[in-house]
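The values are calculated or read from the model by the stated rules, or taken from the named source; none is laboratory data. Not measured: the values here are computed from a predicted model. Using ideal geometry, Cβ is built from the backbone for each residue, glycine included, and neighbour counts are taken over all protein chains shown. Note: areas computed on protein heavy atoms with side chains; ligands, DNA, RNA excluded. Shrake-Rupley method; radii C 1.70, N 1.55, O 1.52, S 1.80 Å.
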Amino acid sequence: MVSAYAELEGRMRDRLGGRECLYVPSCRFGLYLALRHWCEPGGRVLMSPVNDDVIFFVVLAAGLRPVQAPLDPRDGSIDTAAVPESVWRGLSAVLTTNLYGNPDPAPELRAHCDRLGIPLIEDAAHAIGSTVGGRPVGTYGEASVFSLSKHTAAKTGGFLALADPELREELTAARDELLHPGRAVDELAYLARPYVEAALRGTRLVRPARAAVRLLGLEEREEIRMPLRADELRRALPAAPALAPFHSWIRVDMHAYRLRPGPGRLRRTTRRLARLDGVLAAHRAGTARLLASEYGTPGATGEPAQPLFRVPLLVEDRDAAIAALARHRITTGYVYDPPLDSYAGEAFTDLSPAPEAAARFARHALPVDPRRADEVLGALRAAGARPASLSEAPGGAR
């Protein structure tokens with residue numbers, strides 16, 4: 001029998017040069033599957049401290065100890081040269097972030113993982129169209145996870161891509177065992193969401209719109225980071241690896257993260273994925289304009305722009321910049337501040353050996369939608385927003 005996910009998986013397989021792809025209801029769910037398969041409980045996983053806290057809790061749910069990596073202050077990618085050899089030797093795996101679509105140095109990380117005999121797992125949620133070393137992000141690791149909630153705006157679904165196609169059957173069984181059955185009410189809420197949001201945007205009723213989104217379990221944060229709830233987290237840790245004890249953290253902003261999708265959800269997702277090339281072209285063009293501005297984060301000269309999901313501009317006073325954009329009805333993307341080592345502390349993670357660059361990047365990064373590049377630049381310039389100077393970071397820009 002043909003899988004209900006076959007068309008989606010085939011489209012993604014083609015994008016990744018034939019790499020086997022397994023549909024999952026969310027990127028976070030796919031990441032849990034990958035970590036459980038490749039990592040023994042109790043292992044240490046190198047990851048970025050400028051990352052979604054949901055991913056931090058997924059790592060903990062898999063029974064693993066997060067190890068926070070030093071970052072490149074220019075774009076928030078992992079700085080492999082700043083990772084001490086003592087840290088490398090203690091790792092069980094490396095998890096990339098590809099923050100906002102900016103690629104982590106996958107070729108270098110692949111070489112380190114090969115040297116150590118450990119898996120590389122790529123979180124490509126933001127990077128479905130990004131490349132590194134002439135190859136798509138997501139084609140370097142033993143496994144990679146992608147989100148269909150980002151560039152495609154499907155608000156659901158993702159993929160677990162596998163270097164070894166022979167693992168498909170085993171991981172399909174593991175996926176199906178962990179899925180919860182979908183409910184009619186969840187499917188109706190998903191299908192109605194775009195119309196509800198559009199109607200509320202048209203009336204400019206911002207507060208009711210936010211309340212409606214929260215009611216659907218699609219946005220729950222009052223602050224940048226969700227509450228850690230340290231005492232509850234300590235009680236949950238001995239139960240790992242398991243999803244259920246960590247469900248209240250992992251489900252934040254996506255209550256359907258482990259629900260089996262219905263036919264309406266799959267049809268809409270398939271249509272959205274079919275339009276991806278046009279979306280990526282718009283993101284790439286806007287990214288080039290934003291990075292060429294005074295607020296752009298400097299990258300390698302001469303390299304073509306990536307189709308970033310959000311472009312992290314660097315501004316001196318981010319709160320003022322966010323307010324300036326809000327006056328033009330421009331919403332800022334997710335900010336990951338403070339870094340995870342400051343957020344969670346050494347009770348729950350190994351601290352970064354060089355935290356300063358990550359802290360500075362997290363403090364000044366202003367993620368904006370590249371499709372609104374001209375509006376964003378106009379609003380920031382009119383408000384007198386000042387670019388942040390990387391030279392103030394310890395050691396300066398490299």
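Observations on the model:
- Binned Cα-Cα distance frequencies in the chain - 20 Å width, integer %: 28, 62, 10, 0
- Placing unit charges on each Cβ (+1 for Lys and Arg, -1 for Asp and Glu) gives the chain a dipole about its Cα centre, and among V59, F361, V335 the Cα reaching farthest toward its positive end belongs to V335.
- Estimated distance in nm for a label pair at A242 and S293, the labels positioned 7 Å out from Cα along Cα-to-Cβ: 4.9 nm
- Cβ-derived FRET efficiency at R0 35 Å, A111 paired with R11, nearest 0.05: 0.70
- 1.4 Å probe accessible area per residue over region 251-323, in Å²: 45 Å²
- The chain - percent of accessible surface contributed by carbon and sulfur, probe 1.4 Å: 53 percent
- Surface accessible to a 1.4 Å probe, per residue, for the residues of region 43-101, Å²: 19 Å²
- The Cα-based radius of gyration and maximum Cα-Cα distance (Dmax) for region 75-178 are 14.4, 42 Å.
- Working note: 222 nm ellipticity from helices only, DSSP H runs with n ≥ 4, each -39,500 (n - 2.57), summed and divided by the residues of the chain, gives -12000 deg cm²/dmol to the nearest 500.
- When the convex hull of its Cα atoms is projected in every direction, mean area for region 248-374 (nm²): 11.1 nm²
- Distribution of pairwise C-alpha distances over region 1-145, 10 Å bins, in %: 12, 44, 34, 9, 1, 0
- Calculated P(r) of region 68-125 - Cα pairs past 12 Å, %: 64 percent
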